[in-house]
Amino acid sequence: MVTSLLGEIATNLGFERRAIVRLCQDVQSIAEISARLEVPLGVMRALVGDLADEGLVKLYGPARNGDQSDLALLQRVLDGLHRI
């Protein structure tokens with residue numbers, strides 16, 4: 001998720017919406033924004049959905065490198081958890 005040009009110039013936003021738009025100047029996930037603002041994830045999803053509908057932020061899906069790299073990542077995570 002990243003701030004759109006319209007989001008950069010919007011001046012009539014409430015506190016939480018303005019904070020979300022500011023944090024999205026760099027690409028971040030909804031979960032990251034939720035954690036930084038200490039807002040429950042479900043609430044953040046609704047806020048971000050509204051901002052996206054208004055054209056203030058742009059949403060992007062996760063990058064897909066194929067199933068093999070996803071499986072390799074999961075295996076490395078599992079190996080790390082076993083070492084703990």
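Here are the numbers for the structure shown:
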{"read-out": "Extension gain (nm, one decimal) between V43 and D70, 0.36 nm per residue minus Cα-Cα", "value": "6.9 nm"}
{"read-out": "Cut-off under 5 Å, modelled amide H: who pairs with V57 long-range", "value": "S4, A52"}
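Each reported figure results from applying straightforward, stated rules to the coordinates on display, with no laboratory input. The structure displayed is predicted, hence computed values, not measured ones.
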